[in-house]
């Protein structure tokens, strides 16, 4: 298990595009990554839930985006590409590596 956190600093509201530094809460996301030495890797990312500083914004709170995984994603892009390559291999060559 690997622990990480988002970088400090302001975040941009997706509703009104205004920067804010107001932290509403902290959340933890678990994202699967490529195996290391045959063992699964899970990255636990501590991210911030931000509060928009604009009072009439449609999004009062929002989560800051993660660089390792997109919205609603539970695996990194590296792992998704690796899984895709294995799935696309012909059935007879699944266990053969060059």
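The values are calculated or read from the model by the stated rules, or taken from the named source; none is laboratory data. Quick caveat: nothing in here was measured; it's all calculated off a predicted structure. Every residue, glycine as well, gets a Cβ built from its backbone with ideal geometry; the counts of neighbours run over all protein chains shown.
Which one of these does residue 87 not meet: (1) outside any strand (DSSP E or B); (2) exposed (fewer than 14 other Cβ atoms within 10 Å of the Cβ); (3) at pLDDT 85 or above?
Going through (1) outside any strand (DSSP E or B); (2) exposed (fewer than 14 other Cβ atoms within 10 Å of the Cβ); (3) at pLDDT 85 or above one by one, residue 87 breaks only (3).
Confirm whether residue 34 is in a strand (DSSP E or B), under 20 Å from residue 81 (Cα atoms) and in contact with a strand residue (DSSP E or B) (Cβ under 6 Å, 6 or more places away or on another chain).
No.
Can you find, within the stretch 26-42, the residue that is nearest to residue 79 (Cα to Cα) among those that are loosely packed, with under 11 Cβ neighbours inside 10 Å and at pLDDT 90 or above?
Restricting to residues being loosely packed, with under 11 Cβ neighbours inside 10 Å and at pLDDT 90 or above, the top hit is 36.
Out of all the residues in the stretch 43-60, which are surrounded by 14 or more Cβ atoms within 10 Å (Cβ to Cβ) and not in a loop (DSSP other than H, G, I, E, B)?
Matches in the stretch 43-60: 43, 45, 47, 48, 49, 50, 51.
Taking the stretch 61-75, which residues are within 14 Å of the chain's Cα centre (by Cα) and either part of a loop (DSSP other than H, G, I, E, B) or under 15 Å from residue 13 (Cα atoms) (or both)?
Within the stretch 61-75, 63, 64, 65, 66, 67, 68, 69, 70, 71, 72, 73, 74 qualify.
Kindly indicate whether residue 11 is surrounded by 13 or more Cβ atoms within 10 Å (Cβ to Cβ), touching a residue at least 40 places away in the same chain (Cβ under 8 Å) and under 22 Å from residue 80 (Cβ atoms).
No.
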